[in-house]
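Engineer: Have a look at this one.
The values are calculated or read from the model by the stated rules, or taken from the named source; none is laboratory data. Predicted model, so just to flag it, every value in this text is computed and none were measured. All Cβ positions, glycine included, derive from the backbone under ideal geometry; neighbour counts span all protein chains shown.
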Amino acid sequence: MKANVKLHMKKDDRAQVGIGTLIIFIAMVLIAAVAASVLIQTSGVLQQKAQATGKQTVQEVSSNLAIAQIVGARSGATSNDFEHINVTIKVMAGSEGVDLGQVKMTLQNETVRLEGIVYTTSASAATLTSKQFYVVEMRDDDNSLDASTTNRTVINGGDLVNIVLKPGTDLTFAPREPLRLEVMPEFGAIVVNDMITPSTYGVKINIVLFP
């Protein structure tokens, strides 16, 4: 006799599980792609901002101007005050051009401080006040500066100019008196020079205060 044989049908649902896993995987890839694109875009924006901020920071902390010499000019051999103060300046190596039309200067002794001294053309030298300075070109190969007008007021690498101040009666400079000059460009650090007038002026008309 033959034994009774029972046939059992086995339910196979593995293919359905595989399709569900594939759908989830594709969704995860799409989400990752979207997230990656957002991160890439954000990183690009941050990079641009970082570069701009870095450039501005370098401009602010670096000194664009250097003072080569400061000379006080007396009106005569018996005067203890300076009729004019001549400041020779140049642009630091590697620095960008400096617009003298945007430069502010401050001059002070122990008791008086003159702030907000601004650029005027050399044509106004005869009527110069204590709150103005004009420029004499000493070296300017590229003609970036025209001291007679306000159209070209920029100095850059290689240029050398003389800034003329007129303290007038607002400031007096007795012997052995502290003197401070501050030059504030539009960008960059303030250039500060502290000096002391000579113990005696003698008969010299031009007195070197710095260096």
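Engineer: So which residues in segment 158-209 are assigned to a strand (DSSP E or B), without any contact (Cβ under 8 Å) to a residue 60 or more places away in the chain and among the charged types (D, E, K, R), if there are any at all? Quick ask: steps written out before the conclusion?
Structural biologist: Restricting attention to segment 158-209, the residues satisfying the condition of being assigned to a strand (DSSP E or B) are 160-165, 178-184, 191-196, 206-209.
Of the ones still in play, those that are also without any contact (Cβ under 8 Å) to a residue 60 or more places away in the chain are 192, 194, 196.
Within segment 158-209, just Asp194 meets the criteria.
Engineer: Is at least one residue of segment 144-154 acidic (Asp, Glu), within 21 Å of the chain's Cα centre (by Cα) and outside any strand (DSSP E or B)?
Structural biologist: No, the conditions are met nowhere in segment 144-154.
Engineer: Can you tell me which residue among Val87, Val161, Val98, Val183 is surrounded by 13 or more Cβ atoms within 10 Å (Cβ to Cβ) and farther than 30 Å from Pro198 by Cβ?
Structural biologist: Being surrounded by 13 or more Cβ atoms within 10 Å (Cβ to Cβ) and farther than 30 Å from Pro198 by Cβ holds for just one of Val87, Val161, Val98, Val183, which is Val98.
Engineer: Only one of Glu96, Glu137 is among the acidic types (Asp, Glu) and part of a strand (DSSP E or B); which? Spell out the reasoning first.
Structural biologist: Details: Glu96 fails: part of a strand (DSSP E or B).
Being among the acidic types (Asp, Glu) and part of a strand (DSSP E or B) holds for just one of Glu96, Glu137, which is Glu137.
Engineer: Here is a follow-up. Which residues, taken from segment 49-101, are farther than 20 Å from Pro185 by Cβ and modelled with pLDDT under 70?
Structural biologist: The first filter runs over segment 49-101 and keeps only residues farther than 20 Å from Pro185 by Cβ, leaving 49-51, 71-84.
Within segment 49-101, Lys49, Ala50, Gln51 qualify.
Engineer: What's the number of the condition Glu115 fails, among (1) at pLDDT 90 or above; (2) surrounded by 17 or more Cβ atoms within 10 Å (Cβ to Cβ); (3) within 24 Å of Arg176 (Cα to Cα)?
Structural biologist: Evaluating Glu115 over (1) at pLDDT 90 or above; (2) surrounded by 17 or more Cβ atoms within 10 Å (Cβ to Cβ); (3) within 24 Å of Arg176 (Cα to Cα) leaves (2) as the failure.
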